[in-house]
Amino acid sequence: MSTPVDNSLTNLKASTGQIMAIISAAWQIPPGPSHSALGKQVATLVADVVKEYGSGDGPLPGLIISCSKELLRIRNMVPKVWPDWHSIGYDDPRILRHAWYPKALAWKALGDPTFNLPTAAPPSTGPIPVKLPSPAIPAGNVAGLLRTRIVLNSSGSIRASAKVQRCVDRN
């Protein structure tokens, strides 16, 4: 039989797990409009957790506090920016200055490293192809067609290759 505290922590862990999954997914996709949608999802989940667990002396994962700080940082920025997903984590230095830092310490004292999402992204498992729009080709005399391929390596560097295909002008 579980106690109310166990159920409360179960719900907190479930919400934190959802937030962690969204952040991990955001690390894997290039910046764009999808980051805005992910930011809204995380903001809703964080707001629910803060509403439920923010008051009182109970524990709160550092990940939640870090998300809260990042979302507050970008809230009123003009032009709108997406969250810096790589700055969110249990080891975010902004947690040390937060009023809920004792809650993060209480969470750490529980000894559950499940939600210890570090602020540094893990290395990529392989190259990530990036598709770019084709450059405009003038309709006049075209001597060749240049095809480019840009790949982001696991080390974070960009590798580009180009291939020229000759076209025959039959006029």
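Structural remarks
- Of all residues making up segment 32-59, the number that are farther than 18 Å from residue 95 by Cα, under 14 Å from the mean Cα position of the chain (by Cα) and of a type in the set (A, V, I, L, M): 2
- Subset tally (residues that are crowded, with 20+ Cβ neighbours inside 10 Å, within 19 Å of the chain's Cα centre (by Cα) and modelled with pLDDT of 85 or more) for segment 90-118: 2
- Cβ pairs under 9 Å, 6+ apart, first in segment 25-36 and closer than 12 Å to residue 84 by Cα, second open to solvent by less than 50 Å² (accessible area, probe 1.4 Å) and basic (Lys, Arg): none
- When residue 10 is tested against (1) without any contact (Cβ under 8 Å) to a residue 24 or more places away in the chain; (2) under 12 Å from the mean Cα position of the chain (by Cα), just one condition goes unmet, and that condition is (2).
- Top-ranked residue in segment 28-84 [being acidic (Asp, Glu) and either modelled with pLDDT of 90 or more or part of a helix (DSSP H, G or I) (or both); ranked as surrounded by the most Cβ atoms within 10 Å (Cβ to Cβ)]: 70
- Residue among 154, 87, 134 that is at pLDDT 85 or above and either open to solvent by less than 60 Å² (accessible area, probe 1.4 Å) or among the small types (Gly, Ala, Ser) (or both): 87
The values are calculated or read from the model by the stated rules, or taken from the named source; none is laboratory data. Given the structure is predicted, the values throughout are model-derived calculations rather than measurements. Counting neighbours? That spans all protein chains shown, and the Cβs are built from the backbone with ideal geometry, glycine included. For the accessible areas, the whole protein counts, side chains as well, though only heavy atoms, and no ligand, DNA or RNA atoms are used. Shrake-Rupley method; radii C 1.70, N 1.55, O 1.52, S 1.80 Å.
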